[in-house]
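One structure is given below, encoded as structure tokens.
Every number in this text was worked out from the coordinates using simple rules, so none of it is lab data. Only a predicted model underlies this, so the values are computations on that prediction, with no experimental measurement involved. Virtual Cβ from ideal backbone geometry, glycine too; neighbours counted across all protein chains shown.
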Amino acid sequence: MTDAPPATGRLDDMPRHPLLLDVAGRRVVMVGGGPVAARRVARLVDDGADVLVVAPRLCEDLADAVARGLVHWAEREYATGDLDGAWLVHTATGEPAVDDAVAADAEAARTWCVRADDAARSTAWTPAVARVDDVTVAVSTGRDPRRAAALRSALQVLLDTGELPLRHHRRDPVGTVTLVGGGPGDPGLVTTRGRRAVAEADVVVVDRLAPRALLDTLDPDVEVVEAGKSPHSHTLTQEQINEVLVERALRGLRVVRLKGGDPFVLGRGGEEVQACRAAGVPVEVVPGVTSAIAVPGVAGVPVTHRGVSRQVTILSAHDSAPDWPSIAALDGTLVLLMGVGRLAEHAATLVAHGKDPATPVAVVENGTLPGQRTTVGTLADIADRAAARGVGNPAVVVVGEVAALADVLGPHDRATGRLPG
């Protein structure tokens, strides 16, 4: 066994062997107690290392870590012997003589040493790291850490948004199910966590009102199961959807249930979670922007507004028999989902139970999509106005004084009902 040669020359020209280390439960020594040491200790703690900090004083972040029992602290200057049992050493004292001594002791002990003061004299380096779930991408650019950090940040965005190929190619014995709230339709309104889940999927079970543009980003071999629902028409029953989710997951596949809006706002997400848990399938819920709030919003109708409405009620109105007397008596805003087909009936019922016929109403079709348009009126005339314009699903109906703000905050083209752009 030969001694390793001392590190000399430009770091850019030095051969470097990239390697990931399992430091969980292993002793890592940090010499130095300042902010640089604190940042590196935080990552080591996240990775499960047994960290010993050697320093006469600590910055606030390290002192907090010691107080919480996350790291050990030797409250003194560095001394030979502090590296005994260490698998990895970091030195960040800001004092060249001390860092030299730590590096020399690490070399003698055949322990890798990361120097914060002089990367070219280190035997190990900490790259800029981008992480998402079980994916770790390390970026090193020699002696230009800012360049590495910029690259890392760009990669992190691509990982977070599912723009990089994240699908697994090895199946687990049992897969997973992720319920993704796709928002009101525009794919730009899906959360980054939702986009990432779609990018990782082997199977996507998709609703009619989900952001279907995301399907164009899938690999050709990803299975797409149509579970679209429209009033009085279902591609799959809810029981069949539950069976598909469980069956595919038990085959070791990653299944995404891509829904419009939010999974738990009139989306039967709770039933799907129950079915997965009953079958022993791991299930995650990624919330989405509910159409009941977002669609009125993009049309200039805030469902609550100071001095106008302090509460909002959301109602499924396509085939339910709600307590209309109680609903008509409520103050604030009433949002009807899937209610266009029975708009005349619902408007008349609200008036019959005491709602003022002059109450403003706004109907927003295809919210957030290119065909979006708004029809405004009152409970007395909204059904006739909607019929004259051929209003159809998907649409959100807003009943209440805030609906009048569509003309103020919208502002839509009264001839076409469309928002600018």
Using a simple charge model, +1 on the beta-carbon of Lys and Arg, -1 on the beta-carbon of Asp and Glu, nothing else, what dipole does the chain show about its Cα centre, in debye to the nearest 20?
-> 700 debye
Approximate spin-label separation residue 80-residue 344, in nm, with each point projected 7 Å along Cα-to-Cβ | 9.8 nm
With runs of 4+ DSSP H residues as the only contributors, calculate the mean residue ellipticity of the chain at 222 nm using -39,500 (n - 2.57) per run, divided by the residue total and rounded to the nearest 500.
-> -8000 deg cm²/dmol
Residue farthest toward the positive end of the dipole of the chain, with Cβ of Lys/Arg at +1 and Asp/Glu at -1: which of 128, 299, 220?
-> 299
In debye to the nearest 20, how big a dipole does segment 334-395 give about its Cα centre with +1 on each Lys and Arg Cβ and -1 on each Asp and Glu Cβ?
-> 100 debye
Determine the shape class of segment 288-362: with a ≥ b ≥ c the square roots of the Cα gyration tensor eigenvalues, call it rounded for a/c under 1.5, and otherwise prolate if a/b is greater than b/c, oblate otherwise.
-> oblate
When the charge dipole of the chain is computed with +1 at the Cβ of Lys and Arg and -1 at the Cβ of Asp and Glu, the Cα pointing farthest to the positive end, of 375, 211, 78, is that of 375
So between residue 237 and residue 326, what do we pick up on full extension, going 0.36 nm a residue minus the alpha carbon distance?
-> 28.9 nm
What nm value, rounded to one decimal, do you get for the distance between residue 168 and residue 277 when each label is placed 7 Å out toward the C-beta?
-> 2.2 nm
Residue span residue 156 to residue 311: 0.36 nm per residue of separation minus Cα-Cα distance leaves a gain in nm of 51.9 nm
Using the Karplus equation 6.51 cos²θ - 1.76 cosθ + 1.60 (θ = phi - 60°), what ³J(HN,Hα) coupling, rounded to whole Hz, does each residue of segment 18-23 give in order, writing x for Gly and Pro?
-> x, 7, 9, 10, 8, 9
Residues meeting the amide H criterion for residue 205 (H placed from the backbone, H to H distance under 5 Å, 5 or more places apart or on another chain) are 225, 256, 257, 258
Going by the alpha-carbon gyration tensor, a ≥ b ≥ c the square roots of its eigenvalues, is segment 176-289 rounded (a/c under 1.5) or, if a/c is not under 1.5, prolate (a/b greater than b/c) versus oblate?
-> rounded
Cα long-axis angle, helix 238-250 against the chain (0 to 90 degrees, to the nearest 10) = 20 degrees
Classify the chain: rounded, prolate or oblate, from the alpha-carbon gyration tensor (a ≥ b ≥ c, eigenvalue square roots; a/c under 1.5 rounded; otherwise prolate if a/b is larger than b/c)?
-> prolate
Between residue 60 and residue 129, Cβ-based FRET efficiency (R0 30 Å, step 0.05) works out to 0.80
Under the Karplus curve 6.51 cos²θ - 1.76 cosθ + 1.60, θ = phi - 60°, whole-Hz ³J(HN,Hα) for segment 56-66, x wherever Gly or Pro sits = x, 9, 10, 6, 4, 5, 5, 4, 5, 5, 5
Sites matching trypsin sites (Lys or Arg not before Pro) across segment 151-188 that sit in DSSP coil, with at most 12 neighbouring C-beta atoms within 10 Å | 170, 171
What ³J(HN,Hα) values, in whole Hz, does the Karplus curve 6.51 cos²θ - 1.76 cosθ + 1.60 give for segment 172-182 when θ = phi - 60°, with x put for Gly and Pro?
-> 8, x, 10, x, 9, 10, 10, 8, 10, x, x
